[in-house]
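Trainee: Encoded as structure tokens, here's the structure I'll be asking about.
No lab work stands behind these numbers, since they all come straight from the coordinates. Just so you know, these numbers come straight off a predicted model, no measurement behind them. In this analysis, Cβ positions are derived from the backbone assuming ideal geometry, glycine residues included, and neighbour counts consider all displayed protein chains.
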Amino acid sequence: MTPDAAQFSSSREFTLETLGWDESLASAFERYRDSYTPGRVSSRHRTTFAIITESGSMQAGISGALRRVGRIPAVGDFVVLHRQPDTGTSMIVDILPRKTLFTRGVPGRDGDDQVVAANIDTVFIVTAAGADLNRHRLERYLTLVHASGAEPVILINKADLAIDPSTLTSEIAPVATGVPVITLSAVTGYGLSALDPFLLPGRTVALIGSSGVGKSTLINTLLQRTVQDTGRVRESDGKGRHTTSVRQMFILENGALVIDNPGLREVGIGTAGSGMNDTFPEIRELAAGCRFSDCRHEHEPGCAVREAVAEGLLSQDRLESYLMLAKELEFQQEKAEIGLARSERKRWKEISKVARDIRGTKER
Ligand SMILES: Nc1nc2c(ncn2[C@@H]2O[C@H](COP(=O)(O)OP(=O)(O)OP(=O)(O)O)[C@@H](O)[C@H]2O)c(=O)[nH]1
Ligand SMILES: [Mg+2]
Ligand SMILES: [Zn+2]
């Protein structure tokens, strides 16, 4: 039995509400009501998608029309299904509007962001006591999550390995800026109850973080059984290899939805610019006092942000990581614009080819 089938076997019934369905989805689905079924994508395979519906789990392909326009469903998407009575299979014919969309920049690609998951309410940014606890990486994750529209929560796992778990939170406090930080151990269960306010029926939580921090272990602990393989950490450098390779959604006993993700090797912030303000709120506030409204806080005269650093009100470290992310963002945005122009050209080429073909057939 595939994990999907095990997890969502038809012995367990779900209402749309337990899957996270709400008023706005219902009204978007209204025009499909008579002959289609709604469902939610729980995982994505090479050509098919695992879908949870009110009558159990199933596999479905996507319609040629969606594929042609590049609208590919992501895990967490609510989709419109058409049942093919002759084959007994289902086809995804539309994707309902997304409440939130979690993307990340993929290194080496033409500036287009990769969709990670859709309709996420909360993202658990999982890190672990020890080498993974890195402020700059957290700033990247926060930028991505803030831009997605989901609410970030920082989890410091493997508290059992720390000599004094209570100091872990203060280590990252300077970058957490208003974001809850929870110290826990997926193995011993320490601190687990602090997750309860986020694990609510019909609410969707995605776990992201480096490989080996214990995302799948935490999912197994929350599900109270082993559904996900977990990895062995290499003794030499404390780093795990990538154990989870497929993004997948699970339903907890109380009806909360959790998504396990493969570990991210590199956290490209892509074009998630809107997340910067929320990740660096103190810099945004200070910037209001800069002489120039488009101050980049680099060499401009009358820069209130650099003044604050000089006065010791803002750490140099914090400003440097802000400037670095801002640069990266600018670069990604340029790349995305070039990529967009290229794909537009390609699209027009295709359209004019179709037009030529049509003219060709008419003239014959
Ligand atoms: N001591 C300790 N070890 C843990 C804890 N949580 C997870 N581990 C161990 O860390 C290793 C990696 O855990 P996984 O759950 O596979 O990590 P992951 O984040 O899912 O990794 P990827 O799937 O590669 O992204 C395993 O050997 C776990 O047993 C914890 O709270 N304490
Ligand atoms: Mg994993
Ligand atoms: Zn400035």
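Trainee: Set the Förster distance to 25 Å, then compute FRET efficiency between residue 307 and residue 166 from the Cβ-Cβ distance, nearest 0.05.
Mentor: Efficiency computed from Cβ-Cβ geometry: 0.10.
Trainee: Let me check the size of segment 143-212 from its C-alpha atoms; what are the radius of gyration and Dmax in Å?
Mentor: 12.8, 37
Trainee: Rank by packing, highest mean first: peptides 55-64, 114-123, with packing defined as the count of other Cβ atoms within 10 Å averaged across residues.
Mentor: Order by mean packing, descending: 114-123, 55-64.
Trainee: Between residue 187 and residue 327, what length in nm is gained on full extension when 0.36 nm per residue of separation is reduced by their alpha carbon distance?
Mentor: That works out to 46.5 nm of additional length.
Trainee: Give, in nm to one decimal, the length gained when the segment between residue 68 and residue 223 is fully stretched (0.36 nm per residue of separation minus the Cα-Cα distance).
Mentor: Between residue 68 and residue 223, full extension yields an extra 52.0 nm.
Trainee: Here's another thing I want to ask about it. Which far-off residues, 5 or more places away or on another chain, put their amide H under 5 Å from the one on residue 210, with H placed in the peptide plane?
Mentor: 264
Trainee: Roughly speaking, what is the stretch gain from residue 26 to residue 345, that is 0.36 nm per residue apart minus the C-alpha to C-alpha distance, in nm to one decimal?
Mentor: Between residue 26 and residue 345, full extension yields 111.1 nm more.
Trainee: Under 5 Å between amide H atoms, partner at least 5 residues away or on a different chain: which partners does residue 14 have, H built in plane at 1.01 Å?
Mentor: HN-HN under 5 Å from residue 14: 56.
Trainee: Hey, can you grab everything whose amide H is under 5 Å from the amide H of residue 89? Only 5+ residues off in sequence or another chain; H modelled, so Pro and N-termini drop out.
Mentor: 84
Trainee: Let me ask something additional. Along the Cα→Cβ direction, 7 angstrom out, place labels at residue 46 and residue 246. What is the inter-label distance in nm?
Mentor: If labels sit at residue 46 and residue 246, their model points lie 1.2 nm apart.
Trainee: Can you check how the C-alpha radius of gyration of segment 3-95 compares to 2.2 N^0.38 Å, as a plain ratio?
Mentor: 1.02
Trainee: Quote the FRET efficiency, to the nearest 0.05, computed for residue 356 versus residue 93 with a Förster distance R0 of 25 Å and r equal to the Cβ-Cβ distance.
Mentor: Efficiency computed from Cβ-Cβ geometry: 0.30.
Trainee: For segment 301-315, just list the computed ³J(HN,Hα) in residue order, Karplus coefficients 6.51, -1.76 and 1.60, θ = phi - 60°, integers in Hz, with x standing in for Gly and Pro.
Mentor: These are the phi-based 3J(HN,Hα) values: x, x, 8, 5, 6, 5, 4, 4, 5, 4, 8, x, 8, 9, 7 Hz.
Trainee: On to the next question. Using the Karplus curve 6.51 cos²θ - 1.76 cosθ + 1.60 with θ = phi - 60°, work out ³J(HN,Hα) for each residue of segment 65-77 in order, rounded to whole Hz, and write x for Gly and Pro.
Mentor: 4, 5, 4, 4, 8, x, 8, 9, x, 10, 4, x, 5
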